[in-house]
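Values quoted throughout were computed directly from the atomic coordinates according to the rules given, and no laboratory measurement underlies them. All figures in this text were calculated on a predicted structure; none of them were measured in a lab. Glycine gets a Cβ as well: all are built from the backbone with ideal geometry, and neighbour counts include every protein chain shown.
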Amino acid sequence: MFEANPPFTIKEAYFQKWVAGTKEGGAGTKVHLVFKSIGPEVALKEIYFQNQIQKVQKASNSGYDYFAEFDSNTRSNIIMDIDPMKEAQNTPSQNFPFELQENEAVVSYLFNDKTNYFKIINLSEKERIAYPQSNPNLRN
């Protein structure tokens, strides 16, 4: 099921948890993939990580850096109501197709008009980022 020889080389793969300075700001995890080489014929699609699926995004500052952001509060918007019509507005959660360890991820990509999957093992975890509640340089 997993591609053994993908048409790219990953230089670094890691994840980093973050937390906002306010409760409303939320928390999450960002998975980073830095490629040593990746051809223009490869279209990265999704990253599967810790029972969640997110689309791959390209970092704006480099041609070889990609990421996906995973929200820790993904199911906080569930509608619970006595009226079944209101509860029917909930979107069902996606079935997670892989059994992964906490530090493993799968990247899906399109190559030669076919979707392929590559398993990344031993993602390193970088130190958590705690964003401040407000800009410390501004005076109130």
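A straight chain from residue 5 to residue 100 at 0.36 nm per residue would run longer than the Cα-Cα distance by 32.2 nm. Given R0 = 25 Å, the distance between the Cβ atoms of residue 22 and residue 127 translates into a calculated FRET efficiency of 0.75. On full extension, the segment bounded by residue 114 and residue 69 gains 13.7 nm, given 0.36 nm per residue less the C-alpha separation.
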